[in-house]
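A.B. asks: This is the structure, below, for whatever I ask next.
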Amino acid sequence: MDITNGLGVPQETLDAEIKSFFESAPPLKNSDDIGEKLKKFIERNSLSLGNGEARRVVCVTSGGTTVPLEQRCVRYIDNFSSGHRGATSTEYFIKAGYAVIFLYRRGSYQPYCRSLPEDPLLECFEYTDESSIRVRESHSEAVKKAISEHHAAVAEGFLLKLPFTTIFEYLQILQMVATSLRSLGAHAMFYLAAAVSDFYVPWKSMAEHKIQSASGPLDMRLVQVPKMLSVLRKDWAPMAFCISFKLETDIKILLEKADISLKKYKMHMVVANELLTRKDEVVVVTSNEKISVRRDKTQVGDVVENPLIRVIVERHSTYVEKPDI
Ligand code: 9Z3
C-alpha cells in the first residue's frame, strides 16, 4: 500500500499538517463577502456562452505572500515578486476569452496598468485654473487605455480581483476559489505565479506583541508550509488544469527542479524561469516536452506573457477535449 503519496511524506502526516495550518490560521475577515463574490462570478460565467458551454475560468495568483512574525504584526518575512507576471498574464487570458479570478498581493502590479507611471495619480493628472482636475496630455492615451480596458473587463464580468497579504490569507482564499471552481471541471485553470512562502510561524506559537530587541539575538522556529499544490490537485479541484511556476537563480538546476515539481505535485505544466531573465524567456515543462518561450524583441512592448498564454490556452483546449486526471 502506498502511503507516501509520492511526496516522501506519509499521506496522514500531510493531512494533519494541512488541518493544523487551517485550524491555527487567523480567520479571514471577509470570507462571506469573498464567498458571495465568487458565487456570483462563477454563476455569471457558467451561463455566459449561451451554447450550453461554460466560459473557461482561470485563477491567476500574483505577488508574494508575507509571513507575519508577530500577531499584532510589525515585522514580517516577504517573498520576492512584483506581480508583473500575474497582472500581465491576466490581460492576455481575458483577451483569449477567459474569465479571470486575480488573486493578488495588495500593492502589487495590477492588470492594464503597465503603461502607467509608478505614481499614476500624482503623475498623470493636473490641477487646472478652473479648479478641476484633468489628465495631462502626455499621459492621456495611456490613462484612457488603462481605464477603458479595466472597466470593460470588470463590467462584462471577466475580472474578479481578490487581494491578500499574508500566507494565511492567500491559502484560505485559494482554497475557497478552488472548491468554488470545482463545478467547472476541466474548464477551470490555476495559473500559480504568486511567490509563496515555504516556511511560516504558526499563529498559536507567534508572539502577540512586537518582539523586543533588548532580549538579544532572535531565535525563532519556522514550520514548513504544507504542500498545498498536491491538495489542490487531489481534493480541492481535481479536474482543473494546473500550472505552477518554478523560480531559481541558478539556471543549471532550473529544469531539473521544474521536472521534479511537475511529477511530485502532478501539475499539468510547470513554467520554469530564472530570476534575471524572467521577463525575456521561460520554459514550459510538461510530461513530454520542454517548450522555450521568448519575448519578441523586434516588437516594441512585446512581453513574454503574450506567447506564453498562447501556448497555455492551446494546451488547455486539448485538455478540455480529453481530460486525463
Ligand atoms: C514565479 O516564478 C514568477 O514567474 C515570478 C514573477 C515571481 C518570478 P514578478 O512577479 O516575477 O513578475 O516580479 N512564481 C513562482 C515562484 C515560486 O515561489 N515558486 C515556488 C518554487 O519555485 C513553487 S510554488 O519553489
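A.B. asks: Inside the range 66-83, can you point out the residues that are over 10 Å from the mean Cα position of the chain (by Cα), surrounded by 20 or more Cβ atoms within 10 Å (Cβ to Cβ) and within 15 Å of the ligand (Cβ to nearest atom)? Working first, answer last.
C.D. replies: Just the residues of the range 66-83 that are over 10 Å from the mean Cα position of the chain (by Cα), to begin with: 66-82.
Remaining after also requiring surrounded by 20 or more Cβ atoms within 10 Å (Cβ to Cβ): 66-68, 81.
Within the range 66-83, Thr66, Val67, Ser81 meet the criteria.
A.B. asks: Also, quick follow-up: Suppose the filter is among the hydroxyl-bearing types (Ser, Thr, Tyr), surrounded by fewer than 19 Cβ atoms within 10 Å (Cβ to Cβ) and assigned to a helix (DSSP H, G or I); does Ser180 pass it?
C.D. replies: Working: among the hydroxyl-bearing types (Ser, Thr, Tyr): yes; surrounded by fewer than 19 Cβ atoms within 10 Å (Cβ to Cβ): no; assigned to a helix (DSSP H, G or I): yes.
No, not satisfied.
A.B. asks: Please determine whether any residue of the range 225-238 is basic (Lys, Arg), in contact (Cβ under 8 Å) with a residue 60 or more places away in the chain and not in a helix (DSSP H, G or I).
C.D. replies: yes
A.B. asks: While we're looking at this one, here's another question. Could you check Phe93 against (1) within 28 Å of Ser317 (Cα to Cα); (2) within 13 Å of the ligand (Cβ to nearest atom) and say which number it fails?
C.D. replies: So the condition that Phe93 fails would be (2).
A.B. asks: Among the listed residues Leu160, Leu192, Leu181, which satisfies the condition of being within 16 Å of the ligand (Cβ to nearest atom), under 22 Å from the mean Cα position of the chain (by Cα) and of a type outside the set (Gly, Ala, Ser)? Break it down stepwise before answering.
C.D. replies: Values: Leu160 fails: within 16 Å of the ligand (Cβ to nearest atom); Leu181 fails: within 16 Å of the ligand (Cβ to nearest atom).
So the residue among Leu160, Leu192, Leu181 that is within 16 Å of the ligand (Cβ to nearest atom), under 22 Å from the mean Cα position of the chain (by Cα) and of a type outside the set (Gly, Ala, Ser) is Leu192.
A.B. asks: Follow-up question, since we're still on this one. Determine, yes or no, whether Ser31 is modelled with pLDDT of 95 or more, hydroxyl-bearing (Ser, Thr, Tyr), under 18 Å from Val177 (Cα atoms) and within 23 Å of the chain's Cα centre (by Cα).
C.D. replies: Values: modelled with pLDDT of 95 or more: yes; hydroxyl-bearing (Ser, Thr, Tyr): yes; under 18 Å from Val177 (Cα atoms): yes; within 23 Å of the chain's Cα centre (by Cα): yes.
So Ser31 fits the description; yes.
A.B. asks: Oh, and also: Residues that are touching a residue at least 40 places away in the same chain (Cβ under 8 Å): list the strands (runs of 3 or more DSSP E) wholly contained in the range 69-143 that include at least 2 such residues. Break it down stepwise before answering.
C.D. replies: Values: elements: 99-105, 125-127, 133-135.
Filter on the range 69-143 gives 99-105.
A.B. asks: So for the range 241-259 (the condition being within 12 Å of the ligand (Cβ to nearest atom), more than 24 Å from Leu229 (Cα to Cα) and among the basic types (Lys, Arg)), does at least one residue qualify?
C.D. replies: The answer is no; no qualifying residue exists.
A.B. asks: Pick from the range 103-112 the residues that are within 13 Å of the ligand (Cβ to nearest atom) and farther than 30 Å from Glu208 by Cβ: which of them is surrounded by the most Cβ atoms within 10 Å (Cβ to Cβ)?
C.D. replies: Ranking the candidates gives Pro111 first.
A.B. asks: Which of the residues belonging to the range 263-302 are assigned to a loop (DSSP other than H, G, I, E, B), more than 18 Å from the chain's Cα centre (by Cα) and either within 12 Å of the ligand (Cβ to nearest atom) or over 14 Å from Ser244 (Cα atoms) (or both)?
C.D. replies: Answer for the range 263-302, where residues must be assigned to a loop (DSSP other than H, G, I, E, B), more than 18 Å from the chain's Cα centre (by Cα) and either within 12 Å of the ligand (Cβ to nearest atom) or over 14 Å from Ser244 (Cα atoms) (or both): Asp280, Asn288, Glu289, Arg295, Asp296, Lys297, Thr298, Gln299, Val300, Gly301, Asp302.
A.B. asks: Look at Leu174 and say whether it is of a type outside the set (Phe, Trp, Tyr), within 16 Å of the ligand (Cβ to nearest atom) and under 22 Å from the mean Cα position of the chain (by Cα). Give the steps one after another, and end with the answer.
C.D. replies: Numbers: of a type outside the set (Phe, Trp, Tyr): yes; within 16 Å of the ligand (Cβ to nearest atom): yes; under 22 Å from the mean Cα position of the chain (by Cα): yes.
Taking the combined requirement at face value, the residue satisfies it.
A.B. asks: Also, quick follow-up: What number of residues in the range 54-65 are more than 30 Å from His209 (Cα to Cα) and either free of Cβ contacts under 8 Å to residues at least 12 places away in the same chain or within 13 Å of the ligand (Cβ to nearest atom) (or both)?
C.D. replies: Within the range 54-65, the first condition is being more than 30 Å from His209 (Cα to Cα), and the residues that meet it are 54-61.
Among the residues that remain, those that are also either free of Cβ contacts under 8 Å to residues at least 12 places away in the same chain or within 13 Å of the ligand (Cβ to nearest atom) (or both) are: 60-61.
Count: 2.
A.B. asks: Moving on. Could you tell me whether any residue of the range 137-144 is in contact with a Ser or Thr (Cβ under 9 Å, 6 or more places away or on another chain), under 24 Å from Ala194 (Cβ atoms) and more than 16 Å from the ligand (Cβ to nearest atom)?
C.D. replies: Among the residues of the range 137-144, not one is in contact with a Ser or Thr (Cβ under 9 Å, 6 or more places away or on another chain), under 24 Å from Ala194 (Cβ atoms) and more than 16 Å from the ligand (Cβ to nearest atom), which makes the answer no.
The values are calculated or read from the model by the stated rules, or taken from the named source; none is laboratory data. Bear in mind the structure is a predicted one, so any value in this text is a computation, not a measurement. Please note: Cβ atoms are built from the backbone with ideal geometry, for glycine as well, and neighbour counts cover all protein chains shown.
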